[in-house]
Amino acid sequence: MLVYLQNLILEMVARGEELRVTMDRLCREVERLAPGTLCSILSVGADGAMHPVAGPSLPNEYNNAVDGVKMGPTAGSCGTAAFRRREVTVTNIQTDPLWADYKQLAEPLGLRACWSSPILSSGRVVATFAFYYRECRGPTEFERDIV
């Protein structure tokens, strides 16, 4: 399954598919392989501002609300993962202090937990890859293997 996903994405890159199209497909395939997950990819600019690249199962209102949020020590799962340069697992968005300023965005959507990993290029964080969950939990071993 994972080899299929790797080959699919590599073929899209080799064909010169647009980044947003490729990342959207990646998220959709990951959600298919790991039911119960909602994937999101945010780019991280040199100024630390994050911008949605893909999040096909998240409403546009959510993606628009996080557009431009700066990475930092308490910037949800993604902003904190980018800031710390390591993965961040929040098993309860409503009670975790990392989400204090953002939990009102997640609650109406039924998002209960979020695991985010930074993506580095040449030593710089350029993006985050996140899995949202509708239950309070962290990633499974299979989800870790996917990332």
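The values are calculated or read from the model by the stated rules, or taken from the named source; none is laboratory data. Just so you know, these numbers come straight off a predicted model, no measurement behind them. Don't worry about glycine lacking a Cβ; one is built from the backbone with ideal geometry, like all the others, and counts go over all protein chains shown. Side chains included, ligands, DNA and RNA excluded: accessible areas come from the protein's heavy atoms. Shrake-Rupley method; radii C 1.70, N 1.55, O 1.52, S 1.80 Å.
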Whenever you get a sec, line up 103, 70 from highest to lowest accessible area (probe 1.4 Å, protein heavy atoms). 70, 103
Can you run phi through the Karplus equation (6.51, -1.76, 1.60; θ = phi - 60°) for the range 64-70 and list ³J(HN,Hα) in whole Hz, with x for Gly and Pro? 5, 5, 8, 5, x, 4, 8
Roughly to the nearest percent, how much of the accessible area of the chain is carbon and sulfur, given a 1.4 Å probe? 53 percent
Tell me the angle of helix 2-14 to the major Cα principal axis of the chain, expressed in degrees between 0 and 90 and rounded to the nearest ten. 70 degrees
Under the definition of Cα pairs under 8 Å and six or more residues apart, what whole-number percent is the relative contact order of the chain? 21 percent
Relative to the first principal axis of the alpha-carbon coordinates of the chain, what is the inclination of helix 19-33, with its axis defined by its Cα atoms, in degrees from 0 to 90 and to the nearest 10? 80 degrees
Sorted by number, the cysteines in the chain with no other cysteine beta-carbon under 4.7 Å are 78, 114, 136
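Just the number please: accessible area per residue for the chain, 1.4 Å probe, all protein chains included, in Å².
On the way: 7400 Å² over 147 residues.
It amounts to 50 Å² per residue over the chain.
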Near the amide H of residue 120, under 5 Å away, which other amide H atoms are found, from residues 5 or more places off or on another chain, if H is placed in the peptide plane? 126
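In debye, nearest 20: dipole of the chain around its Cα centre with unit charges on the Cβ of K, R (+) and D, E (-)?
Values: 15 positive and 17 negative charges, 50 e Å.
The dipole magnitude comes to about 240 debye.
Show me the trypsin sites (Lys or Arg not before Pro) within the range 6-49 that DSSP assigns to loop and that have at most 15 other Cβ atoms within 10 Å of their Cβ.
On the way: sites: 15, 20, 25, 28, 32; in loops: 15.
Passing sites in the range 6-49 are 15.
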Computed [θ] at 222 nm, helices only, for the chain once each DSSP H run of length n ≥ 4 contributes -39500 (n - 2.57): -10500 deg cm²/dmol
Relative pair counts by distance (%), Cα atoms of the chain, 10 Å bins: 12, 44, 36, 8, 0
